[in-house]
Amino acid sequence: MISTTRPQKTLEDLRGKLMIRTGAAAGASFGYPLFEEFLKDAQDQLWNMVTWKFKKTYNDQPANINEKWYDLPDDCDMEKIERVAFRREGSSIEFQLKAGIESWMRSVNPAGVPYRYEVRTNPDSVSPNPVQIEVYPTIKTPGTIRVYYERTPGAFAAPKDRATVPDDLLLLFALYNAKTHFQKPDASAIGDQFKAMLSMYTAKNRVKTVHRQSTRTD
């Protein structure tokens, strides 16, 4: 979630502003899909153009005795799981799990403190999304499984869906694309404004978050 003193504007709000800024008729509902596409495309591109600080997050799940499968967070980008850690109940020390479980390990899986993990399909899952995190070995001591990851952007299709990236930057980028599409003479000037604002946000999101952790290797 973006830290701000006000909520992000909705798709409906931004569409109205975009139509006004491009000179479209206020009541031209037939133009809604096109202007919404400008906004959706702009958000998709901006999500990948900037290493947003708020992309990085984590999710905790109870680690129960005799369990080895854990759900991925709903907003998790499966390609951008940074690490998985285990913390014993009542302890603040994190043990980092190494990625990858070798086939022989599954045939000799004693209970213990997990030190390996793998993201794969759980053949016994009845969940709509059977892709889960498998830990090795099976949990012996209760605690917490923490997954550090980059999240996917929020829904941005319904009128009341709110922007995930800063809405001022989003609107300016969509405006530039719309002005270019309609061959407006001020498209270049809008593009320069967008580049300046993009540089500002890129600089603000340059600092990386460092997580302190204990590690364990097999």
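Here are some notes:
- No other residue among Arg83, Arg120 is in contact with a Phe, Trp or Tyr (Cβ under 6 Å, 6 or more places away or on another chain) and either farther than 30 Å from Leu34 by Cα or in a strand (DSSP E or B) (or both) apart from Arg83.
- The condition (being surrounded by 14 or more Cβ atoms within 10 Å (Cβ to Cβ) and modelled with pLDDT of 95 or more) is satisfied by just one residue among Ala196, Ala174, Ala189: Ala174.
- Within the stretch 92-102, restricting attention to residues that are of a type in the set (Gly, Ala, Ser) and at pLDDT 95 or above, the residue that is most open to solvent (accessible area, probe 1.4 Å) is Ala99.
- Subset of the stretch 103-147 [closer than 13 Å to Ala63 by Cβ, open to solvent by less than 50 Å² (accessible area, probe 1.4 Å) and aliphatic (A, V, I, L, M)]: Val113, Ile133, Val135, Ile139, Ile145, Val147
- Residue that is farthest from the chain's Cα centre (by Cα), among those in the stretch 102-117 that are in a loop (DSSP other than H, G, I, E, B) and closer than 23 Å to Met78 by Cβ: Glu102
- Residue check, Lys160 farther than 30 Å from Glu102 by Cα and over 20 Å from the mean Cα position of the chain (by Cα): no
- Picking from residues in the stretch 177-186 that are part of a helix (DSSP H, G or I) and touching a residue at least 24 places away in the same chain (Cβ under 8 Å), the one that is surrounded by the fewest Cβ atoms within 10 Å (Cβ to Cβ) is His181.
- Any hit, the stretch 148-162, residues being touching a Gly at 6+ places or on another chain (Cβ under 7 Å) and open to solvent by less than 20 Å² (accessible area, probe 1.4 Å): no
- Of all the residues in the stretch 74-112, those that are touching a residue at least 60 places away in the same chain (Cβ under 8 Å) and more than 20 Å from Pro142 (Cα to Cα) number 6.
- Among the candidates Arg15, Arg83, Arg21, the residue that is open to solvent by less than 70 Å² (accessible area, probe 1.4 Å) and more than 22 Å from the chain's Cα centre (by Cα) is uniquely Arg15.
- Qualifying residue in the stretch 52-71 (condition: within 30 Å of Leu170 (Cβ to Cβ) and free of Cβ contacts under 8 Å to residues at least 24 places away in the same chain): no
- Taken as a whole, the condition of being closer than 16 Å to Ala174 by Cβ and either in contact with a His (Cβ under 7 Å, 6 or more places away or on another chain) or not in a loop (DSSP other than H, G, I, E, B) (or both) applies to Met19.
- Cβ separations smaller than 7 Å between residues 6+ apart or across chains give the following pairs from the stretch 135-163 residues that are without any contact (Cβ under 8 Å) to a residue 24 or more places away in the chain to residues that are of a type outside the set (A, V, I, L, M, F, W, C): Ala155/Asp161.
- Looking across the stretch 86-101 at every residue that is among the hydrophobic types (A, V, I, L, M, F, W, C) and in a loop (DSSP other than H, G, I, E, B), the one that is nearest to Glu134 (Cα to Cα) is identified as Ile101.
The values are calculated or read from the model by the stated rules, or taken from the named source; none is laboratory data. No experiment lies behind these values; they were computed from the predicted model shown. Heads up, the Cβs are rebuilt from the backbone with ideal geometry, glycines too, and the neighbour counts pull from every protein chain shown. Ligands, DNA and RNA are excluded from the accessible area calculation, which covers all protein heavy atoms including side chains. Shrake-Rupley method; radii C 1.70, N 1.55, O 1.52, S 1.80 Å.
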